[in-house]
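The values are calculated or read from the model by the stated rules, or taken from the named source; none is laboratory data. Because the structure is a prediction, the values reported are computed rather than measured. Heads up, the Cβs are rebuilt from the backbone with ideal geometry, glycines too, and the neighbour counts pull from every protein chain shown.
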Amino acid sequence: MAYSLIRLLVGFLGQALALFVLLGAYPAQARDGTTEVDVELVFAVDISYSMDTTEQRLQRQGYVEALRSEAFLNALKSGSTGRIAVTYLQWASEYDQDVVVPWTVIDGPASASAFAEQLANAPYRRAQRTSISGAIDASVKLFAGNGFASARQIIDVSGDGPNNSGRPVTQARDEALALGMTINGLPLVGIRSFMSPADIAELDIYYEDCVIGGFDAFMVPVRDAQSFVEATRTKLVREIASLPSLSRPLVQRAALREPRISCMIGESLWRNRWGN
C-alpha cells in the first residue's frame, strides 16, 4: 500500500512538472485570454515638419539601438514575466497618427532585434502641425483590446516642440492619468542650430510641467545628436526596470506646483505667427 502511494505521488509530481514546463514555454494568459506582460508601452514619436530629416533619423535610430542594447535586455529580465508589449506610433496634427509597428511581445534578444529591424526598415514621412494631445489620445486608444494585461501602461512621447494643434495637452494628459496610465517624455531640446517661430527654448520644462505624469513619470531631455541613443536607452531601461509603487495614489498630477511655463504657449505662438 505504501509503495502504491509512493508511485501515485511520483506520478502526480511528474505530471505537475510537465505542466509547469509546458506553461513556461508560452506566455501566461489571464482568464480573459489576454497575455500577461510586465509593461505595455507605446512609443509616440513626433514626425511634424519641425522634425528635419536628421532629427527623424536620430530619433528612430535611438529606439532601434536602445532595443538592441545589453542594458535593455538585462532590464527585461527584471520583471516578473520577463516580457513587455510595445508598439510604435508616429504623429503630427490632431488628425494625423499612424502605427508603424503594431503591438509586439519582446521577451529576449530575438524578438527585440526583430522589432528593431522592422522599425529600422519602415519608411519616413513628415506632416503638418504638432499635436501632443492628439498623440496621447491616440495612444490611449491603442491600449484598449490590445490583447495584453499588465500593471503598467506607459505612453512614451518624443518630440521637438510644444502642442499647437488639437485640444490642450493638459486635458489629454489628465484624462490618460485618470485611467491609471503613465506619460513619460523625451523632448529634443536644441538639436537643430536654429529655432522656428513655433519652437521654445524651455521645451524640457514644458514637458515636465505640461506633458508627463502618472506613476514614477519622468522625462529625459536630448540636447545634442551624440546623446540621443544614450538618452533613449536610459529612458527605456528605467521604464522597464521600474516597479509600480503601491504607496502612491492611483493618479498623480504631472506637477505638484503650478506650471513654470504656459501649457498653451504652443497655441499662442502659432496664433501669433499664422493667425489661426
- request: Could you check, for the range 60-81, whether at least one of its residues is under 22 Å from Ala231 (Cβ atoms), in contact with a Gly (Cβ under 9 Å, 6 or more places away or on another chain) and free of Cβ contacts under 8 Å to residues at least 40 places away in the same chain?
  value: yes
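Determine which member of the set Trp103, Trp91 is over 23 Å from Val222 (Cβ atoms), crowded, with 17+ Cβ neighbours inside 10 Å, among the aromatic types (Phe, Trp, Tyr) and touching a strand residue (DSSP E or B) at 6+ places or on another chain (Cβ under 8 Å).
Trp103
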- prompt: Can you name the residue in the range 238-276 that is at pLDDT 85 or above and touching a Gly at 6+ places or on another chain (Cβ under 8 Å) and, of all such residues, is farthest from Gln128 (Cα to Cα)?
  reply: Ile240
